[in-house]
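The values are calculated or read from the model by the stated rules, or taken from the named source; none is laboratory data. Since we're looking at a predicted model, the values are computed, not measured. Glycine also receives a Cβ, built like all others from the backbone with ideal geometry; neighbour counts cover every protein chain displayed.
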Amino acid sequence: MELLWVLLGMAIAFSLLSIYWAILNFRLKQQLKRQSPHQEGNFQTEGLPRLALPASALSANFSQASRADSDERWQNLSQLEQEVSDWQQVMQVAPIGYIQVDEENRLYWSNAQALKLLGIPIYDEKIARQQFLLQLVRSYELDQLIEQTRSQQQPMQKAWVFHQVVPDPLHPVQQQGRPLCGYSIPLEDGKVGIFIEDRLEKVTLTQQRDRWASDVAHELKTPLTSIRLIAETLQPRVESAMRVWIDRLIDEVMRLTNLVEDLLDLGQLDTSLAPKLLLKPVDLPQLIQAAWGGLEPLATRKQVSLTYSGLENLTLQADESRLYRLFLNLLDNSIKHSPEQRAVLVKVNIVKSSDLSPAIQNSALQELETNDLEPQAGEIQEQPQAEQVEIDVIDAGSGFPEEAIPHVFERFYRIDQSRSRSVVTDRGGSGLGLAIAYQIVQLHHGTIQASNHPETGGAWIKVMLPLPSVDTVLFQPSNISLGV
């Protein structure tokens, strides 16, 4: 009896399987009919191969297609893994450091150069992935660069001096800071990649060059003074026809003397030598007007006036003589490059960090001012203080060429006068005026930025100085004019 039930079950199962094969075969034929060409309005079905075992053939075809797709996927995956491995090998021997962190700032990957620059010991990759970057590298600037890149989702640049943590605080060893520059890029899933450049050699070479220039300037100062004294002694004693040559000689000696003095000033302003500032309360508007007064003969000759707007009284802690030199250089440039009978505009205001545009907060200069170990103006620096003094100096000249803007604060950089700012009637300067202004701003922990003003089309120098304490009264009226 049990055998009968077993045979009956097998018969039912075979019947169901036959019905399933028939349905599957019918659907396959219908599919082939729809794919065959039309003839006289009828579907052409003759010549179609008949499947003796349609289900088995379909299963075999499906298995073959699955294997082919799986093989292709594995092949693509192997190629990707090989490419990643190749790039990792390239990055391991690259002369620039590279680190990558995940969304929680855990170290995800690092090459050998980055380990060397940041003082990270050779690590086990599995262990390192469990550690935060700040556990391995005590660098607030690097952590800030990562956070700003992740929040703003754009590449950024930051320069700083990295000091390794002393291994034994009880027996500290003097360590020299290493100037670094980081270039960050946002990646997927909150990851951030940072290229780290070692600038120690570049900074050292330029410091040696600048010290050499300063030494040469010291040697030239005495003979130039002697030549000037001799020329001035001969000036009233020669015939009038020859006096023009003595006058030209004195002018050239004065120009060289000014160049030597500028070089000596730059040597004194070298921030890597930690120059001292004589800080005292300084009335900024009054200092600007005093600097303009020193240039009044030049302004009168060109019929250029000063239009000042902003704050009537603004006191801040600064080195008065250095700040006076800053505005003297900026206003001198503006007067020289302004057309006749035009005005130089100076604006002084107080701004909060929230009012600063991203371009001001995160702008980066293309070249590091290599005589300084500190971050340069225009690069990402620490978060701005609650309040800062914003000083704008704007002229109505032809402005800077766009390609020259990243270089205007470099030493001895002079714009081709045949292409731009051709209104200059006298010989060009030494190329050190803006470099000196830049160093003075850096010493006061400020920033300076050059651009062209959208309204006047002339040069626009923006200076930002920290403001620890102020005493301000708004102008009534809001602006005044000085000069002719």
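Exactly one condition in (1) charged (D, E, K, R); (2) on the phi > 0 side of the Ramachandran plot; (3) surrounded by 12 or more Cβ atoms within 10 Å (Cβ to Cβ) is not met by ARG178; state its number.
Among (1) charged (D, E, K, R); (2) on the phi > 0 side of the Ramachandran plot; (3) surrounded by 12 or more Cβ atoms within 10 Å (Cβ to Cβ), the lone unmet condition for ARG178 is (2).
What about ASP189, is it over 30 Å from HIS163 (Cα atoms), loosely packed, with under 13 Cβ neighbours inside 10 Å and touching a residue at least 60 places away in the same chain (Cβ under 8 Å)?
yes
With the condition kept exactly as written, say whether any residue in the stretch 293-311 is more than 30 Å from GLU340 (Cα to Cα) and assigned to a helix (DSSP H, G or I).
no
Among (1) loosely packed, with under 13 Cβ neighbours inside 10 Å; (2) at pLDDT 80 or above, where does THR447 come up short?
If we test THR447 against (1) loosely packed, with under 13 Cβ neighbours inside 10 Å; (2) at pLDDT 80 or above, just (1) comes out false.
Is it fair to say SER214 is touching a helix residue (DSSP H, G or I) at 6+ places or on another chain (Cβ under 9 Å) and assigned to a helix (DSSP H, G or I)?
yes
Kindly check whether there is at least one residue in the stretch 97-105 that is modelled with pLDDT of 75 or more, part of a helix (DSSP H, G or I) and within 30 Å of CYS181 (Cβ to Cβ).
No, the stretch 97-105 has no match at all.
When you scan the stretch 331-343, do you find a residue that is closer than 17 Å to MET464 by Cα, buried (at least 20 other Cβ atoms within 10 Å of the Cβ) and at pLDDT 95 or above, even just one?
Taking every residue of the stretch 331-343 in turn, at least one turns out to be closer than 17 Å to MET464 by Cα, buried (at least 20 other Cβ atoms within 10 Å of the Cβ) and at pLDDT 95 or above.
Tell me yes or no: at least one residue of the stretch 242-249 is of a type in the set (Phe, Trp, Tyr), at pLDDT 90 or above and on the phi < 0 side of the Ramachandran plot.
yes
Hey, any hits in the stretch 271-289 for a residue that's assigned by TED's automatic domain parsing to the domain that holds ASP395, in contact with a Gly (Cβ under 7 Å, 6 or more places away or on another chain), modelled with pLDDT of 95 or more and over 30 Å from TRP160 (Cα atoms)?
For the stretch 271-289, residues assigned by TED's automatic domain parsing to the domain that holds ASP395, in contact with a Gly (Cβ under 7 Å, 6 or more places away or on another chain), modelled with pLDDT of 95 or more and over 30 Å from TRP160 (Cα atoms): absent.
Residue-wise test of (1) at pLDDT below 95; (2) within 23 Å of ASN111 (Cβ to Cβ); (3) of a type in the set (Ser, Thr, Tyr).
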{"residue": "SER151", "(1), (2), (3)": "yes, no, yes"}
{"residue": "GLN157", "(1), (2), (3)": "yes, yes, no"}
{"residue": "VAL161", "(1), (2), (3)": "yes, yes, no"}
{"residue": "PRO172", "(1), (2), (3)": "yes, no, no"}
{"residue": "GLY177", "(1), (2), (3)": "yes, yes, no"}
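What number goes with the only condition from (1) part of a helix (DSSP H, G or I); (2) within 31 Å of the chain's Cα centre (by Cα); (3) β-branched (Val, Ile, Thr); (4) surrounded by 16 or more Cβ atoms within 10 Å (Cβ to Cβ) that THR257 does not pass?
In the conditions (1) part of a helix (DSSP H, G or I); (2) within 31 Å of the chain's Cα centre (by Cα); (3) β-branched (Val, Ile, Thr); (4) surrounded by 16 or more Cβ atoms within 10 Å (Cβ to Cβ), THR257 misses (2) alone.
Just name the residue that is surrounded by the fewest Cβ atoms within 10 Å (Cβ to Cβ) out of those in the stretch 450-469 that are within 16 Å of GLY399 (Cα to Cα) and among the hydroxyl-bearing types (Ser, Thr, Tyr).
SER451
Against the condition surrounded by fewer than 16 Cβ atoms within 10 Å (Cβ to Cβ) and more than 30 Å from the chain's Cα centre (by Cα), how does ALA299 come out, does it pass?
The answer is no for ALA299.
Got a sec? Which of LEU278, LEU306, LEU311, LEU323 is surrounded by 14 or more Cβ atoms within 10 Å (Cβ to Cβ) and more than 18 Å from VAL389 (Cβ to Cβ)?
LEU306
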